[in-house]
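A short write-up of the structure that comes next.
All of the numbers you see were taken from the coordinates with simple rules; none came from a lab. For clarity, every value in this text was computed on a predicted model and none was experimentally measured. We place every Cβ from the backbone using ideal geometry, glycine too, and count neighbours over all the protein chains shown.
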Amino acid sequence: MRVVAVMNYKGGVGKTTLTANLGAVAAARGLRVLLLDLDPQTNLTFSFFTVDDWQNRLKDNRTIKQWYDSEILGRDISLADLVVTPERVNHVLRNSTGRLDLISSHLGLIDIDLELAALLGGSTTLDGSKRKFLDLHSCLRDALEDNHFDDYDLVLIDCAPNFGLVTKTAIVASEQILVPAKADYLSTLGLDYLAGNCAGLVQQFNDYVNHKPDSGTYRPIDPGFLGVVFTMVQIYSQQVVLAQHRYIEEVAANSVVPVLKSRIRNSSSHFGDAGESGVPAMLRTNGKDDVVREFDQLADEVLSALALSGDRR
């Protein structure tokens, strides 16, 4: 099983659309995919369930908020019990050997970081503080290593556009980080800052693992960057427009985060009604138009980097 965090500090960069469609393409190729929605906006969840369905079936006891909000984090509520199988998208996938499952988010997840921060306090010893830090930051990784998740090939975690504690648990749980970004100043401004914060978290976590007396119960982490994938790209005469091309070239030349070859163009005809049908655009489009080919190329690039393969439809 490969675990990938999808994140960017900047909202509005197509993060959720990319996560939903990349997961759908992977499932259509025969992979068993779990999408984990850690963004309080809950848009990934609403890409597969209507608001009414979420209210009636998931809101009270089948969201990730209940798991982070539990009295003993990760122990008195099983993460596996929160997995749901969206009917509409899996109906489309019925002729594939793949499957797409989801753990739903909750609008109230926005308050969880403060509650988690409180769990870090209260220790009177340095070893106790380190143990609390490691236990909290490892909670999602430990949960995903339960044998209930052995059936999955790929887990994609849709992170909130921040570096709060919930997002940090996703980074600790992940092997790779995928960064969707628009080719503009604000979307690319924080890429190296994001990379620096991730490196700082990794160093602190691993320092605590290496210096705790009972560190045998914890393992070091080493999440890498799959790279930046530029989204909402404007295409003219089959080329990226010059203004955006300059930003892409600048990031490729100067950022510590690598840039993927794949580009996803802006397309209101594909993504304008995202979530309405409960089926991502890449599974609703007949034939191989430019956007479908771009997502196929992205899937090739990502799955190859993860050493995953599936039967193409």
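Which value in deg cm²/dmol, rounded to the nearest 500, describes the helix-derived mean residue ellipticity at 222 nm for the chain, given -39,500 (n - 2.57) per DSSP H run of n ≥ 4 and division by the residue count?
Taken over the chain, the calculation gives -12000 deg cm²/dmol.
So if R0 is 51 Å, what FRET efficiency would Thr217 and Asp300 give, r being the distance between their Cβ atoms, rounded to the nearest 0.05?
Result of the calculation: an efficiency of 0.85.
Nearest 10 degrees, 0 to 90: what angle lies between the long axis of helix 15-28 and the longest principal axis of the chain (Cα atoms)?
Orientation of helix 15-28: about 80 degrees from the principal axis.
For the stretch 2-305, with the dipole built from +1 on Lys and Arg beta-carbon atoms and -1 on Asp and Glu ones, taken about the Cα centre, which of Phe49, Ile112, Val229 lies farthest toward the positive end?
Highest projection toward the positive end goes to Val229.
Using r as the Cβ-Cβ distance of Asn147 and Leu242, and R0 as 51 Å, what FRET efficiency do you calculate, to the nearest 0.05?
Approximately 0.45, to the nearest 0.05.
Using the Kirkwood radius over C-alpha pairs as Rh, can you work out the diffusion coefficient of the stretch 2-305 via Stokes-Einstein at 37 °C, viscosity 0.692 mPa s, in µm² per second?
Calculated translational D: 165 µm²/s.
Just the number: Rg to Rh for the stretch 1-128, Cα atoms, Kirkwood Rh, two decimals.
1.02
Find out how many positive minus negative residues lie around Lys10, taking Lys and Arg as positive, Asp and Glu as negative, among other residues whose Cβ is under 10 Å from that of Lys10.
+1
Pop a pseudo-label 7 angstrom from the Cα along the beta-carbon direction at both Asp207 and Leu308 and give the gap in nm to one decimal.
Between Asp207 and Leu308, the simple spin-label model gives 3.3 nm.
How large is ³J(HN,Hα), in whole Hz, for each residue of the stretch 298-307 in order, when computed from phi with the Karplus curve 6.51 cos²θ - 1.76 cosθ + 1.60 and θ = phi - 60°, using x for Gly and Pro?
Working through the residues one at a time gives 4, 4, 4, 5, 6, 5, 5, 5, 8, 6 Hz.
Calculate the FRET efficiency for Ala117 and Ser269 from the Cβ-Cβ distance with a Förster distance of 41 Å, rounded to the nearest 0.05.
0.40
Tally Lys/Arg at +1 and Asp/Glu at -1 over every other residue whose Cβ is under 12 Å from the Cβ of Pro40; what's the total?
-4
Provide the percentage of antiparallel DSSP beta bridges, counting only those with both residues in the chain; round to the nearest 5.
The antiparallel proportion sits near 10 percent.
Between Asp127 and Asn95, what is the label-point separation in nm under the 7 Å Cα-to-beta-carbon projection?
Each label point lies 7 Å from its Cα, and together they span 6.2 nm.
Might you report the magnitude of the Cβ-based charge dipole of the chain about its Cα centre, with Lys and Arg at +1 and Asp and Glu at -1, to the nearest 20 debye?
For this selection, approximately 640 debye.
Students often get this wrong, so check it: of Lys59/Lys130; Lys10/Lys261; Lys10/Lys65; Lys65/Lys130; Lys59/Lys261; Lys65/Lys288, which have C-alpha atoms separated by over 31 Å?
Lys59/Lys130; Lys59/Lys261; Lys65/Lys288
For Asp101, what is the net charge nearby, where nearby means another residue's Cβ is under 13 Å from its Cβ and Lys, Arg count +1, Asp, Glu -1?
-2
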